[in-house]
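Below is one structure, written out as structure tokens; the observations come after it.
FYI, it's all coordinate maths here, none of it is from the lab. Note that the structure is a prediction, hence the values are computed from the model and not measured. Every residue, glycine as well, gets a Cβ built from its backbone with ideal geometry; the counts of neighbours run over all protein chains shown.
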Amino acid sequence: MTYRVIALDLDGTLLTPQKSILPESLSALQRAREAGFKVVIVTGRHHVAIHPFYQALALDTPAICCNGTYLYDYHAKKVLNADPLHAEQATQLIDLLDTHDVHGLMYVDNAMLYQHPTGHVIRTENWALSLPEAQRPVFRHVDSLREAAHTVDAIWKFALTDADIPKLQRFAKTVERQLGLACEWSWHDQVDIAQSGNSKGKRLAQWVESEGLSMDQVIAFGDNYNDLSMLESAGLGVAMGNADEAIKARADVAIGTNLETGIAETIYKYLL
């Protein structure tokens, strides 16, 4: 099978810890695009938080955002396909958050909302302020997430963080058991909660099929548990060296960390 698509997770994969793309990766991906390969971002991020990377890669493909919750067309500035949370589901989740004293971000429409400024929120806001104004994602403090959930058009996901990892693990299991929502770990201390059935792999497969291709023709790069659905369904699933051993074991290939040039080397080896 001939590969035609390169699917890329961002944080922990294409991006360094400093939130930059290695020049070797940029060069290899540019050459791949010039050779006719399709490059697509598949991320847990909101579409408003990937502007600098989408533009650096000079992409013309839609982006798969919030762990597959929706497909976003940057050029038309519109959502193409989506399975967001209902306001009632969000309200039930917010009730659980209050009960268990867990905080995080609610990803909606074109912004990320928070009620309590956690360390994760502050760090992400500081990163946003370091960007040119046109590329800054929108963070907004609200007095009540519960009220906000009934005033927005779409609720993409909740991104929850806590220094107490066992507490967060217990909370995720409670959400799955009581609300039937999808809980996926996108970082060691972050669990993302979205509509059941959403995943990077599912949304990627839908887009690939719409392009007249199959998942056998995809090389996918990822580093975390929310990447497994695409790593396991792609023709070649590539785990980063900084991924947990459990993720590497379920990928086809493991390469160097996101500080090394493994992405570029893989592209040259299999595509160019």
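Under the Karplus relation 6.51 cos²θ - 1.76 cosθ + 1.60, θ = phi - 60°, what is the ordered set of whole-Hz ³J(HN,Hα) values for region 148-158, x standing for Gly and Pro?
Using θ = phi - 60°, the values come out as 4, 4, 9, 10, 9, 7, 9, 10, 7, 6, 10 Hz.
So how far, in whole Å, is the C-alpha centre of region 229-272 from the one of region 73-137?
Cα centres, region 229-272 to region 73-137: 28 Å.
Place a +1 charge on the Cβ of each Lys and Arg in region 118-257 and a -1 charge on the Cβ of each Asp and Glu, then give the dipole magnitude about the Cα centre in debye, rounded to the nearest 20. Write out the running numbers ahead of the final one.
Details: 14 positive and 20 negative charges, 63 e Å.
So the dipole magnitude of region 118-257 works out to roughly 300 debye.
I'd like the FRET efficiency for residue 260 and residue 100, computed as 1/(1 + (r/R0)^6) with the beta carbon distance as r and R0 of 30 Å, rounded to 0.05. Can you show the working numbers first?
Working: r = 39 Å, r/R0 = 1.29.
Plugging the Cβ-Cβ distance into 1/(1 + (r/R0)^6) gives 0.20.
In which sequence would 78, 202 go, from the one with the fewest C-beta neighbours within 10 Å to the one with the most?
Sorted ascending by nearby Cβ count, the order is 78, 202.
Do the alpha carbons of any pairs in 157/269; 38/269; 19/202; 77/173; 77/269; 38/173 sit beyond 28 Å of each other, and which pairs? Show your work: numbers first, answer last.
Numbers: 157/269 36 Å; 38/269 17 Å; 19/202 26 Å; 77/173 35 Å; 77/269 35 Å; 38/173 37 Å.
Violating the 28 Å limit, Cα to Cα: 157/269; 77/173; 77/269; 38/173.
Could you grab the Rg to Rh ratio for region 1-147? Cα atoms only, Kirkwood for Rh.
On the way: Rg = 16.9 Å, Rh = 16.8 Å.
We get a ratio of 1.01 for region 1-147.
Wrap a convex hull around the Cα atoms of the chain, take a quarter of its surface area, and give that in square nanometres.
13.3 nm²
Find the centroid of the Cα atoms in region 148-196 and in region 43-68, then give the distance between the two in whole Å.
21 Å
Points 7 angstrom from Cα along the Cβ direction at residue 131 and residue 16: gap in nanometres?
1.9 nm
For region 87-194, what is Rg from Cα atoms divided by 2.2 N^0.38 Å, rounded to two decimals?
1.04
May I ask you to evaluate 6.51 cos²θ - 1.76 cosθ + 1.60, the Karplus curve with θ = phi - 60°, for each residue of region 8-20 and list the ³J(HN,Hα) values in order in whole Hz, giving x for glycine and proline?
With coefficients 6.51, -1.76 and 1.60, one gets 10, 6, 9, 5, x, 10, 6, 8, 6, x, 8, 6, 10 Hz.
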